[in-house]
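The values are calculated or read from the model by the stated rules, or taken from the named source; none is laboratory data. Here the structure is a predicted model, which is why all the values come from computation and not from measurement. Methodologically, a virtual Cβ is constructed for each residue, glycine included, from the backbone with ideal geometry; neighbour enumeration extends over all protein chains shown.
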Amino acid sequence: MVFSITTARTILTRKTIYHLIRHAMTVIDTISQDIPVQQKLSGYDFYRQVLGSPKYIVAPMVDQSEQAWRALSRRYGGQLCYTPMFHARMFSDRVNGHKYRAEQWSTDAQDRPLIVQFCANEPEHLLRAAKLVESHCDAVDLNLGCPQHIAKRGHYGSFLQDDWDLVHSLINTLHTNLSIPVTAKIRIFPTVEKTVAYAKMIERAGAQMLVVHGRLREQKGHKTGLADWDAIRAVKRAVTSIPVIANGNILYYEDLQRCLDYTGCDGVMTAEGNLYNPAILATPEFPRTWEMALEYLEICREIPTQIGPIRAHLFKLLQPSLPHHTDLRALLSKARLFEEVCGIVAELKIRLQEDEARIGEEGMGERDEHGYKIVPHWRCQPYFRPELPADNGASGSKRKKAIEGKQEETEATVIVDEAQQKKRGSDDMLAEGKVEQEEDGVKRVKEVSSTEAV
C-alpha cells in the first residue's frame, strides 16, 4: 500500500486529536476529584449551612410578603422570608404562566435566604412550578394550612389534611426531583396524637423543615382564637431529624423568646404581627406608623411593586392612625397612583406629629384592664378583631339563621377554648394578657387573626 503525504498527515492529525482529547478528559477527571460535588443538604445541615440557623422568620402571606415587604422585614430582624403563596398550576401554566409569574414573582441576589411557597394538589403541576424557581431560592414550601374558602373550593392548603397519601406524594415528588430541599407548613388537628402522626408522615415523605401553625383549620377570621403551643411542642418533641418552627400568638417582641422557650422549637414565625409592626422581630419598641410607611414606600421606589399590595400594607401599618384622620383613610382607599399614595402618607405624617406633640406618650407600654399594652395611635401595634354580634349585622330571616349559626359556632368555640385553656393553664394566659373571663365561664380569646397563607 502506498501512503500519500496527505494521508499520513490525516492519520497523524486524527491521532493527535484523539490523544489531546484523552489527555483533556484525564485532566478534567483529576480536577473533578479535587472539587467536592455540591450535594443537596438535608435537615439541620440545610437549616444551619444554607438558611443560617434563622430564629425569626417572616411567614408566607397571600399578596403581602412580596419582595419589597421582604426587604423591609429583613431590615428589622427577619432572618428568613417566604414568598406569598403561589398557585402551582397557574404559576407553571404553559400558555399564561408567564403573565402570572410577571405579576406575582420577583427576587434578586439580596433577597436571601428565601423559600418559595406553592399550593397544589397535583404532583406534576407542583414539580413543574418548583423547577421554575429552584435556581432562585433556597427551598420550596408546600402550603398545607390555608383555611380559606377558596382553598376548600380548589382542594389545597389545609383541605389536603384528610388525604395523607396525596400529601406524601406531593412532598416526596419534590424531595426526589429537586436540587433544593422541600419544606412544609401545616395546621394542627383537634388531637395532639393525630397532629404528631401527620407531622411525622410529612417528615418521612422528605420535608426538610416543618412549620407548625398551632391553630385548627376552623380557626380563622373572627374565630381565629388562641394558637395551641402545646400541640407545637408535642410535634417538636416527636419530629427529631428536621427543624420545627412555631407559628401563632406573636403579639409583642417578648412573645418571640417566650414561644421558643415554651415550645422548644428551632425558630418562630410571625404573619400579621409583622404586617402591623414590621419591627416586631427586632425591638420591643413601637415604631411610628408613618416612619414605617415612608420607609416601605422608599423601598417600593427601588423594587417595583403593584399598587394593590402597597395600599394593603399601608392600611395595616396605619391601622391605628387612620381612624383619627378619616378623610385621609378615604383618600387612601381611592388612590390608584404611587405618588398619590406617597402624598397621603406625607400629609398623615404631619398630622400625627401634631397629635404626638399635643397628646404626649405618658403611660405608653403599660397594660390596660385586659392586659394589652397601651400604645398611642401614631405607633405600630397589634390589631385585635372585634367580636361579631350574634346576627352578624343581618336582618329578617337572615338574622334568624345567623343567630342559629352563631349558637352552633359558640358551642364549637367553647370546646376549643376549654381544651386549650386546660392545656396551658388559665393563670398563665391571664398573666400574658390574652384572655378575658366572661360571666358564663367561657374564655374568650382576643388574638391577631391570621391572613397568612396557612
Pairs returned, first residue in segment 332-351 that is within 19 Å of residue 303 (Cβ to Cβ), second residue that is among the aromatic types (Phe, Trp, Tyr) and surrounded by 10 or more Cβ atoms within 10 Å (Cβ to Cβ), beta-carbon separation under 8 angstrom, 6 or more apart or interchain, are 345/290
- Query: over 27 Å from residue 105 (Cα atoms) and touching a residue at least 40 places away in the same chain (Cβ under 8 Å): does that describe residue 293?
  - Reply: no
The residue that is nearest to residue 204 (Cα to Cα), considering only those in segment 42-83 that are of a type in the set (Ser, Thr, Tyr) and in contact with a Phe, Trp or Tyr (Cβ under 8 Å, 6 or more places away or on another chain), is 53
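Condition check ((1) more than 24 Å from residue 315 (Cβ to Cβ); (2) under 17 Å from the mean Cα position of the chain (by Cα); (3) among the hydrophobic types (A, V, I, L, M, F, W, C)) across all residues:
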site: 52; (1), (2), (3): yes, no, no
site: 57; (1), (2), (3): no, yes, yes
site: 62; (1), (2), (3): no, yes, yes
site: 67; (1), (2), (3): no, yes, no
site: 70; (1), (2), (3): no, yes, no
site: 79; (1), (2), (3): yes, yes, no
site: 92; (1), (2), (3): yes, no, no
site: 99; (1), (2), (3): yes, no, no
Log entry, pairs with first residue in segment 130-144 being on the phi > 0 side of the Ramachandran plot, second being of a type in the set (Ser, Thr, Tyr) and surrounded by fewer than 24 Cβ atoms within 10 Å (Cβ to Cβ), beta carbons closer than 6 Å, six or more apart or on different chains, reads none
Exercise. Is it the case that some residue within segment 307-319 is surrounded by 16 or more Cβ atoms within 10 Å (Cβ to Cβ), closer than 19 Å to residue 69 by Cβ, of a type in the set (D, E, K, R) and modelled with pLDDT under 95?
Worked result: no
Open item on the list: On the basis of being among the aliphatic types (A, V, I, L, M), within 19 Å of the chain's Cα centre (by Cα) and buried (at least 16 other Cβ atoms within 10 Å of the Cβ), does residue 293 make the cut?
Closed with: no
Taking segment 155-166 and keeping only residues that are surrounded by fewer than 24 Cβ atoms within 10 Å (Cβ to Cβ) and out of contact with any Lys or Arg (no Cβ under 9 Å at 6 or more places or on another chain), one is left with 155, 160, 162, 163, 164, 165, 166
Only unsatisfied item for residue 253, checking (1) under 20 Å from the mean Cα position of the chain (by Cα); (2) of a type in the set (Ser, Thr, Tyr); (3) buried (at least 22 other Cβ atoms within 10 Å of the Cβ), is (3)
If you go through 255, 165, 141, the only one that is assigned by TED's automatic domain parsing to the domain that holds residue 267, more than 23 Å from residue 47 (Cα to Cα) and modelled with pLDDT of 95 or more is 165
**Message:** Regarding segment 233-242, can at least one residue be identified that is over 24 Å from residue 371 (Cβ atoms), touching a Gly at 6+ places or on another chain (Cβ under 8 Å), touching a residue at least 40 places away in the same chain (Cβ under 8 Å) and assigned by TED's automatic domain parsing to the domain that holds residue 58?
**Reply:** yes
Residue hits (segment 256-310; under 13 Å from residue 338 (Cα atoms) and not in a helix (DSSP H, G or I)) are 303, 304, 305, 306
In segment 180-227, anything buried (at least 23 other Cβ atoms within 10 Å of the Cβ), farther than 18 Å from residue 156 by Cα and touching a Ser or Thr at 6+ places or on another chain (Cβ under 6 Å) is listed as 208, 209
Review point. Hey, any hits in segment 265-272 for a residue that's modelled with pLDDT under 95 and either assigned by TED's automatic domain parsing to the domain that holds residue 253 or acidic (Asp, Glu) (or both)?
Key: yes
Checking 362, 354, 347 in turn, the sole residue that is more than 30 Å from the chain's Cα centre (by Cα) and modelled with pLDDT under 95 turns out to be 362
